[in-house]
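Accompanying notes for the structure given below.
The values are calculated or read from the model by the stated rules, or taken from the named source; none is laboratory data. Computed from a predicted structure; not experimentally measured. Positions of Cβ are backbone-derived with ideal geometry, glycine not excepted, and every protein chain shown enters the neighbour counts.
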Amino acid sequence: MAQGRRSAGRQVRRAFVPAAVFASLLVVPSPSGALGSGIETAVTPAGLQVSAAAPTPSDPLRVWVLGDSVMNDVSPALGAAFSATGEAGVVEDSSFGGWGLIRIPLWATYSNEIIDEFHPQVVVGTWSWDDAVAQDDPAGYLSLLRQALSVWLAPGDGVELVVLLQFPQIGPNPFQFEPQQRARLWATLTLEQNAWDRSARRVVADFPGHAVYLSTGQVFAPRGRFLTWFPTRSGGYVRMRQIDNIHLCPLGAAAMAEVVVDDIGPALGLAQPAPGWQTGPWTRDPRYNVGVAGPGACPSDQPLSRYAGLNVPTGSAHAPLLNHGP
């Protein structure tokens with residue numbers, strides 16, 4: 001996986017990833033501002049110390065996808081994006097609703113079985129089920145996450161790189177109808193998300209050249225504004241998030257997949273993905289219609305006029321009121 005046709009040191013700073021995915025469709029905001037966590041800017045990882053040969057069509061890069069139901073939303077898009085390079089593919093997708101290191105006591109055993117069977121070279125994942133523990137016991141959770149990366153990157157097992165993704169910023173729960181309760185819940189979950197992100201950013205430093213953390217805030221909360229829909233050049237909107245404001249519709253899944261492939265592809269020597277993968281057959285997967293919240297998870301609806309998203313909460317979850325913006 002030597003540096004290939006594109007410079008591994010190229011700094012990718014996109015205001016919004018679908019600028020490349022749907023350049024003729026979407027209106028792209030500028031990259032001003034940042035999330036409260038200060039991790040909005042996406043940067044191509046450099047200095048990866050991978051020893052395998054550069055991938056080729058006859059010897060493609062082998063990718064293992066793991067994580068919870070949101071990662072499961074991303075996995076069809078990620079598979080399509082890697083396949084579109086002609087030099088990579090997802091060999092195993094073990095993502096499912098409820099995945100987490102805390103919730104699966106035998107995660108190490110299962111991991112070794114997957115590695116032995118599928119021989120992945122790259123592991124890509126994100127999950128939210130450990131967030132509360134990451135906040136309540138940051139030192140303990142950091143130790144657990146470090147143990148996970150040590151298992152996945154054990155010498156001689158063939159895994160060269162672990163990619164931890166920032167869990168896409170969630171929005172307020174539309175099924176919680178009491179405004180202050182909804183605000184507090186959103187703040188609580190956001191603070192817990194930020195705690196997991198801090199652990200993920202810290203742990204990759206313990207595996208230099210073999211682990212990277214990729215931010216997604218530039219996609220799902222540009223300028224600190226959570227977006228359910230993204231504006232189009234025709235004046236309408238396209239839904240990125242399912243009606244629960246957590247899970248992803250095809251546009252959101254494609255945007256997150258492009259974060260991964262665009263940001264690590266150059267460092268791994270992958271060819272540029274062929275155009276058209278973003279709207280391929282994978283977009284018709286039933287998971288984007290049924291979703292976790294039930295049928296109609298990704299309707300072709302439109303927000304109110306002049307939609308600008310909602311301010312991501314940055315204060316205490318116990319504050320009496322939170323500024324959600326218009």
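The table below gives the values:
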item: Residue that is out of contact with any helix residue (DSSP H, G or I) (no Cβ under 7 Å at 6 or more places or on another chain), at positive phi and in contact (Cβ under 8 Å) with a residue 60 or more places away in the chain, where the choices are G217, G224; result: G224
item: Test: residue in region 300-308 that is under 19 Å from I170 (Cβ atoms), modelled with pLDDT under 90 and part of a loop (DSSP other than H, G, I, E, B); result: no
item: Output for region 309-324, where each listed residue is in contact with a Phe, Trp or Tyr (Cβ under 9 Å, 6 or more places away or on another chain) and modelled with pLDDT under 85; result: A317, L322, H324
item: Of residues in region 89-101 being out of contact with any strand residue (DSSP E or B) (no Cβ under 6 Å at 6 or more places or on another chain) and farther than 19 Å from R202 by Cβ, the one surrounded by the fewest Cβ atoms within 10 Å (Cβ to Cβ); result: G98
item: Condition broken by A20, with the remaining ones in (1) assigned to a helix (DSSP H, G or I); (2) modelled with pLDDT under 95; (3) among the aliphatic types (A, V, I, L, M); (4) within 25 Å of E192 (Cα to Cα) satisfied; result: (4)
item: Count - residues of region 251-262 that are under 12 Å from the mean Cα position of the chain (by Cα) and more than 22 Å from F226 (Cβ to Cβ); result: 1
item: Filter result (crowded, with 17+ Cβ neighbours inside 10 Å and hydroxyl-bearing (S, T, Y)) within region 139-148; result: Y141
item: Sole exception among (1) of a type outside the set (V, I, T); (2) part of a helix (DSSP H, G or I); (3) more than 13 Å from the chain's Cα centre (by Cα); (4) more than 15 Å from V162 (Cα to Cα) for R201, by number; result: (4)
item: Failed criterion for V219 (all others in (1) of a type in the set (A, V, I, L, M); (2) part of a helix (DSSP H, G or I); (3) modelled with pLDDT of 95 or more hold); result: (3)
item: Qualifying residue in region 234-244 (condition: on the phi > 0 side of the Ramachandran plot, of a type outside the set (K, R) and either at pLDDT below 95 or touching a His at 6+ places or on another chain (Cβ under 6 Å) (or both)); result: yes
item: Residues of region 149-191 classified as surrounded by fewer than 20 Cβ atoms within 10 Å (Cβ to Cβ) and either closer than 17 Å to G100 by Cα or among the hydroxyl-bearing types (S, T, Y) (or both), total; result: 3
item: Filter result for I114 (without any contact (Cβ under 8 Å) to a residue 24 or more places away in the chain and either in contact with a helix residue (DSSP H, G or I) (Cβ under 9 Å, 6 or more places away or on another chain) or surrounded by 15 or more Cβ atoms within 10 Å (Cβ to Cβ) (or both)); result: no
item: Unmet criterion (only one of (1) touching a residue at least 40 places away in the same chain (Cβ under 8 Å); (2) surrounded by fewer than 19 Cβ atoms within 10 Å (Cβ to Cβ)) for I104; result: (1)
item: Residue in region 235-250 that is exposed (fewer than 15 other Cβ atoms within 10 Å of the Cβ), without any contact (Cβ under 8 Å) to a residue 60 or more places away in the chain and either more than 16 Å from the chain's Cα centre (by Cα) or under 23 Å from L189 (Cα atoms) (or both) present; result: yes
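Quick grid of which residues meet (1) under 17 Å from the mean Cα position of the chain (by Cα); (2) at pLDDT below 95; (3) among the aliphatic types (A, V, I, L, M):
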position: L153; (1), (2), (3): no, no, yes
position: F177; (1), (2), (3): no, yes, no
position: E192; (1), (2), (3): yes, no, no
position: A195; (1), (2), (3): yes, no, yes
position: D206; (1), (2), (3): no, no, no
position: H210; (1), (2), (3): no, no, no
